[in-house]
């Protein structure tokens with residue numbers, strides 16, 4: 001893998017500058033959030049409808065999307081909490097949906113039957129997640145930590161029992177060892193489980209429910225990751241993702257009888273997912289290729305690849321094939337439009353667009369497609385990134401710039417739509433979304449380069465992004481800020497505290513500021529990978545706390561001298577509100593301009609449009625005040 005480049009090609013963007021500023025319409029934050037976000041896409045039993053989730057009402061609700069007409073009908077009408085439809089029942093139009101309260105991630109599972117809701121899981125404070133239907137279609141699997149807040153057990157609930165006053169699921173697997181169940185064989189005899197050792201090393205187990213035997217099926221030396229995907233219909237094979245002996249993740253198959261292992265599909269990029277259609281006619285492979293998803297579908301018997309139709313201006317990110325294996329729901333996205341659903345007919349080859357999610361008031365020609373770029377960091381390491389250059393930017397009309405940092409650690413900025421990015425670019429800000437060392441998607445070597453080194457080299461990668469911005473020739477380098485959410489929010493605060501002159505402003509969206517507290521207060525249901533998290537970031541209960549203190553911006557807040565904005569959800573269980581409260585108070589004590597917004601009905605991220613409009617709109621106002629205006633204009 002090539003890790004360094006001698007020189008960044010600076011002329012790539014400078015040569016494309018127009019001599020005159022084009023006429024580009026400026027859109028409001030309200031217009032951008034009149035777009036619709038959709039997800040899901042479970043087929044109904046008769047394959048005439050899709051169960052989708054949409055925020056067109058301002059909050060997520062479940063909708064029924066008619067395949068023939070393209071018309072949708074609301075199935076839930078929540079005004080306070082986001083309701084997410086998960087699946088239709090196997091043989092009728094009942095469906096399962098889940099929700100939590102104010103973003104607290106304590107999900108409850110409900111059944112909807114002809115407009116009547118019924119709880120399927122305990123009402124007290126526990127976390128429940130839908131797991132799927134049994135192969136015989138007579139029961140539902142779900143996971144829950146109702147027995148022990150630390151561990152997710154697997155339950156089976158018969159469909160016939162769901163109408164009882166208090167449905168009671170039977171324990172299929174009691175999780176006493178902090179293992180994560182990933183797959184259940186069609187005959188329910190075998191479970192594939194994973195134990196996360198570190199962020200680079202896993203153990204994969206096969207549990208036989210008939211004998212009670214737990215077998216390590218991942219015996220290996222060194223660091224290897226495993227991610228079971230599915231069992232074959234004959235219960236003989238386990239398909240799983242791994243990077244054993246390879247730089248990139250690939251799909252492999254284990255023969256449970258002989259122990260033989262076979263590579264099924266590998267690529268020069270990470271394989272993200274793989275699955276077989278209901279009767280194993282098709283194999284679907286998703287590849288994470290340089291910030292976008294490439295989907296390949298193969299006929300299993302012949303090995304031939306299905307030639308999916310080209311979709312202008314978009315790429316397929318996910319596929320859901322119906323049980324009849326005649327239809328497929330395609331999710332298609334682009335960096336200039338929210339994802340849309342399409343229907344593909346394998347027999348006729350017909351492709352049909354089912355949704356239109358972009359606000360018709362917005363001209364897509366006025367939005368900016370992200371471009372994959374690379375630049376050299378401080379040590380020569382090649383850093384991938386996605387660059388958004390405003391159409392109005394030129395050498396004679398220089399614009400302010402923003403370095404955008406994704407969440408994680410270990411996340412990835414991708415070529416997908418984010419309304420906030422498009423809003424800021426439309427307002428005249430160039431954005432470089434950095435995939436600093438430690439980001440996923442670029443091989444395991446790159447992914448683990450920031451282990452126990454956070455707030456140092458990964459931060460320097462972000463600062464080096466300024467060199468790329470300068471190379472374009474269209475950025476006013478006296479007006480460059482940094483913005484990010486979650487781990488990206490931490491990087492914002494690290495930049496302002498440890499490199500106080502590197503950026504002119506910072507926008508921290510629910511970011512970590514005190515690693516010692518954060519790592520000591522992780523949610524109970526993260527118990528299965530808590531040790532792995534400690535091995536990547538440091539154990540706050542050991543001498544690692546000294547290093548964690550050094551890299552926590554809260555304890556160095558006296559260094560912050562540039563304007564700061566902080567957004568925080570009051571119900572966030574990952575980054576507690578007290579973290580933002582304290583960093584804001586400490587920075588205000590420096591006499592630095594600080595704007596702080598708390599959302600009482602949100603958790604670790606936004607689910608309500610009204611909050612997105614308020615929070616992201618305030619970001620625009622903050623940047624306009626402290627970054628876009630020159631010092632003379634501000635006076």
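Quick look at the values:
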| quantity | calculated |
| --- | --- |
| Gyration tensor verdict on the stretch 37-175 (Cα atoms; rounded if a/c is under 1.5, prolate if a/b is larger than b/c, oblate otherwise) | oblate |
| The chain - percent relative contact order, Cα under 8 Å, separation 6 or more | 12 percent |
| Cβ-based exposure ranking for 572, 379, in which fewest neighbours within 10 Å come first | 379, 572 |
| Using alpha-carbon coordinates, inclination of helix 457-471 to the longest axis of the chain, degrees | 60 degrees |
| Distance from the stretch 376-445 to the stretch 152-216 (C-alpha centre basis), Å | 40 Å |
| For 254, 452, 402, 129, order by how many other beta-carbon atoms lie within 10 Å, fewest first | 452, 129, 254, 402 |
| Ranked 513, 625, criterion: other C-beta atoms within 10 Å, fewest first | 625, 513 |
| Between helix 487-498 and the chain: long-axis angle, C-alpha atoms, 0 to 90°, nearest 10 | 30 degrees |
| DSSP-defined antiparallel bridges as percent of all bridges, the chain, nearest 5 | 80 percent |
| The stretch 557-627 versus the stretch 464-483: alpha-carbon centroid distance in Å | 23 Å |
| Gained length - residue 147 relative to residue 170, 0.36 nm times residue gap less alpha-carbon distance | 7.0 nm |
| The chain, helix-only ellipticity at 222 nm - DSSP H runs n ≥ 4, -39,500 (n - 2.57), divided by all residues, nearest 500 | -4000 deg cm²/dmol |
| The stretch 304-364 and the stretch 229-278: distance between their alpha carbon centers, rounded to Å | 26 Å |
| Counting DSSP beta bridges with both ends in the stretch 372-629, the antiparallel % (nearest 5) | 30 percent |
| Tilt relative to the chain, helix 609-623 - C-alpha long axis, 0 to 90 degrees, to 10 | 20 degrees |
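Here, each number is a calculation from the coordinates, and none is a lab measurement. Note that this is a predicted model, so its numbers are computed, not measured. All Cβ positions, even for glycine, are placed from backbone atoms using ideal geometry, and neighbour counts span all protein chains on display.
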